[in-house]
Amino acid sequence: MRDITKQKSLEEERDEFISVVSHELRTPITIVEGSLSNLEVLANRKTPPAKDTLTTTISTAHEQVLYLAKMVNDLSTLSRAERGIADAPEEIAVSELLHAMHHQYQRDAEQKGLALDLDLGGKLGKVMASRLYLEELLQNFITNAIKYTTQGSVTIIARSSAGKVMFSVKDTGIGISRSDQNKVFNKFYRSEDYRIRETGGTGLGLYVSTKLARKLHTTIELKSRLNHGSTFSFTLPVEPNDLSK
Ligand code: ADP
């Protein structure tokens, strides 16, 4: 017998998701459309428009296109994770991976005047995991940490103990209120805080992250205090024959 109730709820969930995505896409598309049609009007004027008006209109459109690109990127990560594409586990040397991530985000942190630190404790060995999923998960935490921190530092941490390695990304940023901590993993959820509203984002990153974590057979832990910073962590088992390295 097929479990029709379950099937229906999955379909319903998909329908609801498509409807929310279309809604979320509509606003930026409307803004880009409006900006472009304004530019057309300005271009056809006899007197050339002020440079400021042009740059503001162009940068509004640009911002929204970047938002759309991020949204498409998040959706494709989500769909890859759900369909199990590129999820073949491979041996990954933890220290090497985290050094590469640290190097990759150094400039983004520097541009915001933040320190990006790497804190690796002891022998970390190797883990068996999909490289793509593990990298995307860490990237989501690191980009958020940089985005939601205005001063101080972001630290990529790894500790191994009892056959497990714990990965953490810690920041000294704006933090997440207790009531928001339950909500930030929901799709399209963004905190009401004005400091969040000032930054661009889709509200999909952490939702995608929970899916990626599930695929990696782990769960995400969040510790945060409003105005003090946040730490996102998860653990993976260390390859058993590798503990000595
Ligand atoms: P986005 O960053 O695109 O808004 P996410 O799903 O990655 O979407 O995050 C959801 C929300 O969680 C953010 O809008 C923000 O309110 C909160 N958040 C995530 N990471 C952090 C962080 N490191 N510090 C403070 N708030 C965070």
Top mean-square fluctuation among Leu116, Leu204, Leu226, Gaussian network model of the chain, C-alpha springs under 10 Å?
Leu226
Take the chain, mark every one of the GluC sites (Glu not before Pro) that falls in a DSSP loop and has at most 16 other Cβ within 10 Å, then report the longest stretch left between them, sites excluded.
1-191
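Just reorder His228, His217 by solvent-accessible area, largest first, 1.4 Å probe, all chains present.
Sorted descending by solvent-accessible area, the residues read His217, His228.
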What percent does the relative contact order of the chain come to when contacts are Cα pairs within less than 8 Å and at least six residues apart?
18
Per the 1.4 Å probe, what fraction of the accessible area of the chain, in percent, lies on carbon and sulfur atoms?
53
Taking a probe of 1.4 angstrom, what is the accessible area of Val41 in Å², to the nearest 10?
90
Rounded if a/c is under 1.5, else prolate if a/b is larger than b/c, else oblate: which is segment 103-217, with a ≥ b ≥ c the root eigenvalues of its Cα gyration tensor?
oblate
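Could you give the length gained on full extension between Glu90 and Leu42, defined as 0.36 nm per residue of separation minus the Cα-Cα distance, in nm? Mind showing how you got there, number by number?
On the way: separation 48, 0.36 × 48 = 17.28 nm, distance 5.51 nm.
Additional length available on full extension: 11.8 nm.
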Would you mind getting the Kirkwood hydrodynamic radius of segment 1-115 from its Cα pairs, rounded to one decimal in Å?
19.1
Rounded to the nearest 10 Å², the 1.4 Å probe accessible area of Met128 is 90
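Beyond 29 Å, what share of the Cα-Cα pairs of the chain is found? Please give it as a whole percent.
When all Cα pairs of the chain are counted, 40 percent exceed 29 Å.
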Along each of the three principal axes of the Cα atoms of segment 28-73, give the extent in whole Å, ordering the values from largest to smallest.
41, 16, 10
Order His103, His62, most accessible first, counting only protein heavy atoms with a 1.4 angstrom probe.
His103, His62
Divide by every residue of the chain the summed helix terms, -39500 (n - 2.57) for each DSSP H run of at least 4, and state the resulting mean residue ellipticity at 222 nm, rounded to the nearest 500 deg cm²/dmol.
-17500 deg cm²/dmol
List, in order, the whole-Hz ³J(HN,Hα) value for each residue of segment 28-34 obtained from phi through the Karplus relation with A = 6.51, B = -1.76, C = 1.60 and θ = phi - 60°; use x for Gly and Pro.
x, 4, 4, 5, 4, 4, x
Relative to the Cα centre, what is the charge dipole magnitude of segment 74-152, using +1 at the beta carbon of each Lys and Arg, -1 at the beta carbon of each Asp and Glu, and rounding to the nearest 20 debye?
60
Relative contact order computed over segment 149-245 (Cα-Cα under 8 Å; 6+ residues apart), in percent:
35
Solvent-accessible heavy-atom area per residue, rounded to whole Å², over the chain at 1.4 Å:
60
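The values are calculated or read from the model by the stated rules, or taken from the named source; none is laboratory data. Since the structure is predicted, the reported quantities are computational estimates derived from the model, not experimental observations. FYI the Cβ positions are ideal-geometry reconstructions off the backbone, even for glycines, and counts take in every protein chain you see. Keep in mind that these areas ignore ligands, DNA and RNA; they rest on the heavy atoms of the full protein, side chains included. Shrake-Rupley method; radii C 1.70, N 1.55, O 1.52, S 1.80 Å.
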